[in-house]
1. Just for strands (runs of 3 or more DSSP E) wholly inside segment 285-394: which have at least 3 residues that are modelled with pLDDT of 95 or more and at negative phi?
2. Looking only at segment 328-337, decide whether some residue is assigned by TED's automatic domain parsing to the domain that holds residue 187, buried (at least 17 other Cβ atoms within 10 Å of the Cβ) and not hydroxyl-bearing (Ser, Thr, Tyr).
3. In the list 290, 197, 252, which residue meets the criterion of being in contact (Cβ under 8 Å) with a residue 24 or more places away in the chain, surrounded by fewer than 23 Cβ atoms within 10 Å (Cβ to Cβ) and under 30 Å from residue 79 (Cβ atoms)?
4. Determine whether segment 142-150 contains at least one residue that is free of Cβ contacts under 8 Å to residues at least 24 places away in the same chain and touching a helix residue (DSSP H, G or I) at 6+ places or on another chain (Cβ under 9 Å).
5. Mind counting the residues in segment 118-151 that are more than 17 Å from the chain's Cα centre (by Cα), more than 18 Å from residue 344 (Cα to Cα) and of a type outside the set (D, E, K, R)?
6. Give segment 384-406 a look and list any residue that's touching a residue at least 12 places away in the same chain (Cβ under 8 Å), farther than 11 Å from residue 310 by Cβ and basic (Lys, Arg), or say none.
7. Collect the residues in segment 355-409 that are surrounded by fewer than 16 Cβ atoms within 10 Å (Cβ to Cβ) and among the β-branched types (Val, Ile, Thr), keeping them in residue-number order.
Amino acid sequence: MRPASSLACHGKRQKHIIIAVPCLIVYDSLEIRKLERTRGMRQIIFIFALLLFCVPARAQQPIIAVIGSESGRLAYLHKDMFRAARYAVDEINVNGGLLGMQLKVVNLDNRSRADVSAEMAQKAVDMDVACVIGPMISSHAVASAKVLQKAGIPMIATTATAPQVTLVGDYIFRACFTDDFQGRALAYFIIRKLHLKSAAILQQTGETYSASLADAFADAFTNLGGTVDIVEHYQAEQTDFARELDAVRHSKAKALFVPGYAHEAAAIISQARRMGMTIPIVGGDAWGNKTHTLVNDKSLLTDCYQLRHWHRSTSNDLSRIFLYGYEAIYGPMLQDVGALAYDGVRLFVAAVQKAGTFNRKAVRDALQTTEIKGVTGKIRFDKNGDPVKSALILTYRDGRPAFFMILEP
C-alpha cells in the first residue's frame with residue numbers, strides 16, 4: 001500500500017473536494033512491517049489528520065454518542081474508550097462512511113457518577129443519536145440503559161459487566177463478557193489451576209460491579225466445591241485496609257479475591273503483602289492496566305492475577321493492526337476498554353450494514369444476530385445481548401502484566 005502523495009481541498013465555506021484519499025486501514029502484517037521500515041505511516045497519519053477537516057458535513061448526520069467519564073475520579077479509565085470510539089468512526093468515514101453517510105461522534109461526560117449517566121443518556125435522546133457506546137462502569141450503564149431502552153436507542157456498553165445491564169431491555173447490548181462468566185472463570189481458575197479450595201472476598205460497598213462480581217464468584221466457587229471463609233467490605237476511595245486484611249489473615253482463606261478498581265486494589269495488594277500475607281490475590285477486569293503502576297514495590301505483585309478482556313500481546317492480527325494505527329495517533333493504549341469501544345462501534349456498523357438502514361428498531365434486530373471477528377476476538381450475542389467470547393488471565397512479571405492463560409466460555 002502506498003500512501004497518497006497529495007491531498008487538495010478546494011472551495012469556500014467548508015465545501016471541499018478530496019483529490020486523494022488514503023486508505024487508513026492496513027490489512028496484513030506484511031504491510032505493517034513495510035511501514036515500520038519506512039516513513040509511510042507518518043505520511044498516512046498526516047494525511048488522515050488533514051482529511052478529517054476535509055470531510056463535508058451532511059444533513060441529518062448519524063450520531064454515535066459515547067457516554068463515560070471525562071472528569072471525576074474514574075476519568076483515568078476512560079481516555080482510551082473515547083479515543084478508540086473516535087478512531088473507529090474516523091476510520092469508517094475515511095473509507096467512505098456508512099450507507100453513504102459520514103458518521104459523527106459526540107462525547108458525553110457523566111463526571112464519574114451514575115445519576116449524571118442518566119442525564120447524559122437523556123441528552124443523547126434529545127440529540128436523536130443512532131447509537132450509544134458505553135458507559136463502561138456497571139452502575140453508570142444501568143442508569144443510562146433505563147433511559148435509552150425507553151427511547152428505543154441501541155446501547156453497546158464497553159466494560160459494564162454486571163448482569164443487570166442487559167436485563168434492562170432488548171435495546172441494550174455489551175461488548176464485554178459478564179460478571180457471571182467472569183465470576184465462574186475466576187472461581188474455576190483458583191480451584192482448578194491454583195488448586196486452592198478456600199477463599200476470602202474483599203469487595204466495595206455500594207458498587208454494582210463489585211457486588212455483582214463478588215456474588216457470581218461466591219456462587220461458582222461454592223458450586224465447584226470451594227468454601228468462601230470470609231467476606232469483608234470497604235468504601236470507595238478508602239486507603240487503610242488494615243482491619244479488613246487482618247480479618248482475612250486470621251481466617252482459613254488460601255486466596256483473596258478483590259473485585260474492585262485499580263486504586264483500592266493496589267493499596268490492598270501493598271498492605272496485604274507488608275502484613276506478611278503471601279496468599280494469591282486475584283482480581284477482575286476493573287484492575288485494568290493501572291493497578292500494577294500504583295504498587296511502588298513491584299515485588300509485592302508476586303502471585304497476583306487478574307482477568308482481562310484483551311491484552312496487547314494477543315496473536316490476533318486484527319488486534320495488532322488496530323493497535324499499530326491507534327498508537328501511531330494517540331500514543332500507548334493503556335486500558336483494554338479501548339479495544340472494546342472499537343469493537344462496539346464495529347458491531348454497530350455491521351448491524352447497520354446488515355439492516356441496510358439506520359432505523360433503530362431494525363438495527364436492534366440486526367445486532368441480535370450480528371457476528372464479527374473483532375480486536376477482542378470473535379463476538380456474537382446471546383438472547384440477552386451478552387457476548388459469547390473468551391477471557392484472558394494475566395499475572396505479573398518484572399512488575400508488568402503478562403499473559404498466563406486463556407479461559408473459554
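1. Qualifying strands (runs of 3 or more DSSP E): 304-308.
2. Filtering segment 328-337 for residues assigned by TED's automatic domain parsing to the domain that holds residue 187 gives none.
No.
3. Exactly one of 290, 197, 252 is in contact (Cβ under 8 Å) with a residue 24 or more places away in the chain, surrounded by fewer than 23 Cβ atoms within 10 Å (Cβ to Cβ) and under 30 Å from residue 79 (Cβ atoms), namely 290.
4. There is at least one residue in segment 142-150 that is free of Cβ contacts under 8 Å to residues at least 24 places away in the same chain and touching a helix residue (DSSP H, G or I) at 6+ places or on another chain (Cβ under 9 Å).
5. So the answer is 8.
6. Of everything in segment 384-406, just one residue is touching a residue at least 12 places away in the same chain (Cβ under 8 Å), farther than 11 Å from residue 310 by Cβ and basic (Lys, Arg), namely 400.
7. Result: 357, 369, 388, 406.
Matching residues to (1) touching a strand residue (DSSP E or B) at 6+ places or on another chain (Cβ under 8 Å); (2) within 21 Å of residue 352 (Cα to Cα):
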| position | (1), (2) |
| --- | --- |
| 85 | yes, yes |
| 99 | no, yes |
| 110 | yes, no |
| 122 | no, no |
| 125 | no, yes |
| 132 | yes, yes |
| 142 | no, no |
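The values are calculated or read from the model by the stated rules, or taken from the named source; none is laboratory data. Nothing here was measured: the structure is a model prediction, and the numbers come from that model. All Cβ positions, even for glycine, are placed from backbone atoms using ideal geometry, and neighbour counts span all protein chains on display.
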